[in-house]
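First up is the structure itself, then whatever we jot down about it.
The values are calculated or read from the model by the stated rules, or taken from the named source; none is laboratory data. Every value quoted in this text rests on a predicted model; they were computed, and no experiment measured them. All Cβ positions, glycine included, derive from the backbone under ideal geometry; neighbour counts span all protein chains shown.
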Amino acid sequence: MARMVQCVLLKRQAEGLDYLTYPGELGKRIYDQVSKEAWAQWLAHQTMLINENRLTPIEPKARAFLVKEMEKFFFGGGSQKPAEFKPT
């Protein structure tokens, strides 16, 4: 049977992640409170942020930005799309 969590993003019970997707305390919090569906939404949002801001995720400054945005996305009222973003 799948592990269920009360998803902080979806505001309902949903299937939980199978493993820690991020290290440390933030990773534990995500594992405990974020569903697979919400994690997939984050991955799509993160990809958009990387592309629109032309980030190189290996750079510490870009990594710090993405972690901050991930925290906002799940636990801080949401991460915003760049002002100039236009979906295709």
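Restricting to helices (runs of 4 or more DSSP H) lying wholly in the stretch 1-75: which have 1 or more residues that are surrounded by 14 or more Cβ atoms within 10 Å (Cβ to Cβ) and in contact with a Pro (Cβ under 8 Å, 6 or more places away or on another chain)?
Details: elements: 24-33, 36-52, 60-75.
It comes to 36-52, 60-75.
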Only unsatisfied item for residue 54, checking (1) modelled with pLDDT under 95; (2) within 30 Å of residue 4 (Cβ to Cβ), is (2)
